[in-house]
Amino acid sequence: MGTSSSSYAPKTVYLDVDGKMQKVSETRDLYIMTRCSCSKGGKADKEDMFQNVLSQVAEQFSRIYWFCCEILNTVYIDSVAVEGLKMVEIEKCKNDVRKLRDEIVTCGCKYSFTEDGKKLSPRRDVPNYPKYTLSQETIEALKKPTFDVWHWEHNEMLSCLEYMYHDLGLVKEFNMNPITLKRWLVTDSRCENYRNNPFHNFRHCFCVSQMMYGMIHLCNLQERLTMTDMCILMTAAVCHDLDHPGYNNTYQVNAHTELAVRYNDISPLENHHCAVAFQIISMPECNIFANIETEAFKHLRQAIITLILATDMARHGEILDSFKQNVDNFDFTNHKHVTCLKLVLIKCCDISNEVRPTEVAEPWLDCLLEEYFMQSDREKSEGLPVAPFMDRDKVTKPTAQIGFIKFVLIPMFETVMKLFPQIEEIMVQPLRDSRDHYEELKQIDDAMTEVKPFSSHLVSFVLQGTEEKNREQVIRRKEEINFSCKLIGAL
């Protein structure tokens, strides 16, 4: 409401003047009327008239006052009634919310409530793993390829990954929320994102990430690459096999799976890993890159995708040849050279199990063969082509590893060694030792294969040609021959 004169409403009262009701709308009119009335009589009459006017004015104002009070009282009662209805509705809503809360908790929905039940807030539904304080011994071991990944439980591996991001300065550099980082790691590690495959599981993810962290330290990459490059390397390592189904690209293409159709038979698994990785990062509660600029995120995203796609072994020769062309004149300020290096590094870490000590590497081979055999069995049942190195009826540990180490691992790591000579003793030499180990095993296997037919024919000849009457001597002789054959095979 304004206070200007235009909004002023004159006050109106009715007075009985000489037996007639007269309307008085201004104080000035009231004053004139009173003066006029009083001027007609004597002094006593004037006083009576004045008192009469005042009493009528007072009565009018009294009526107005009580009328206003009645109106206000009615409005107040109505407002109280309305507020009362509101309170009833509010209580009803509260009861409905409490009921809904109980139903949600019962069904395990992803929402939680405060203790008083008044506030509904989204629950991240991410298990809160305990924070392990890593010993100095563990911290130093994490930086080496000899790290034994089999001695660590799931939550301990998560703590190690979290430590790596903090130690490399990535949390500070990219303004990552530490809770978001933890939640992202936990979400990645879940069984629906890293499945419980014999080989391609979360422990393999940790293994690759730890090797990447070790190579960053071993090759002094913190002094040669940017923080963005290191973030790309580590994040690609963590995400590189997300939601791996346990069946390789060859199976996906031959079986015309949904992934093969979706990605037109072009690196279906690797494309899927990328998609899942950024589906998780797109979740606000898991977005470790939420606090960086849009353009910076676009660059990180594209680079991470490029590295994950490079883990397709079908591109091995192409990527290694490109790196070989640059390694002799490598320039760390050249973007193309650095990109080639990052592609080779992610490949090295992905297939680096044989770099580790035999007691660490050999269980990984068992896991890999188990996964291979699962695929070959399925391929046989579905009438699909079976790769010889996956066929349980044809492959052995030595035959599975010798060619892979000689023609894939050693050439690649020796090429990287040209740029980082310090890796020879701790990474390349173990590969050579592993090759020699499996070649020796193969020689023994081959000797046993040759001895078995000879043993069979010799025993048959002895049994058929002998005229000895004592069959016990013949049986004993057979046992001696078998023992001799085993001894030859062992030698």
Picked from region 125-164 (must be part of a loop (DSSP other than H, G, I, E, B) and among the hydroxyl-bearing types (Ser, Thr, Tyr)), the residue modelled with the lowest pLDDT is Tyr129
Counting only helices (runs of 4 or more DSSP H) entirely within region 333-409, those with at least 3 residues that are modelled with pLDDT of 95 or more, within 30 Å of His256 (Cα to Cα) and under 31 Å from the mean Cα position of the chain (by Cα) are 335-350, 358-382
Of the residues in region 183-205, those that are open to solvent by 40 Å² or more (accessible area, probe 1.4 Å) and more than 14 Å from Val276 (Cα to Cα) come to Arg183, Asn196, Arg203
Exercise for review: Return yes when Tyr263 is touching a helix residue (DSSP H, G or I) at 6+ places or on another chain (Cβ under 8 Å), surrounded by fewer than 21 Cβ atoms within 10 Å (Cβ to Cβ) and aromatic (Phe, Trp, Tyr) and no when it is not.
Suggested key: yes
Filtering helices (runs of 4 or more DSSP H) wholly in region 165-237 for at least 2 residues that are within 22 Å of Leu134 (Cβ to Cβ), modelled with pLDDT under 95 and touching a His at 6+ places or on another chain (Cβ under 7 Å) gives none
Taking region 288-324 and keeping residues open to solvent by 40 Å² or more (accessible area, probe 1.4 Å) and assigned to a loop (DSSP other than H, G, I, E, B) leaves Ala290, Asn291, Glu293
Kindly check whether there is at least one residue in region 225-237 that is closer than 15 Å to Leu345 by Cβ, open to solvent by 10 Å² or more (accessible area, probe 1.4 Å), without any contact (Cβ under 8 Å) to a residue 60 or more places away in the chain and over 16 Å from the mean Cα position of the chain (by Cα). yes
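The values are calculated or read from the model by the stated rules, or taken from the named source; none is laboratory data. The shown structure was predicted, so the numbers you read here are calculated from the model rather than taken from an experiment. Here Cβ is always computed from backbone atoms with ideal geometry, including for glycine, and neighbour counts include all displayed protein chains. The accessibility values were calculated without ligands, DNA or RNA, using every heavy atom of the protein model including side chains. Shrake-Rupley method; radii C 1.70, N 1.55, O 1.52, S 1.80 Å.
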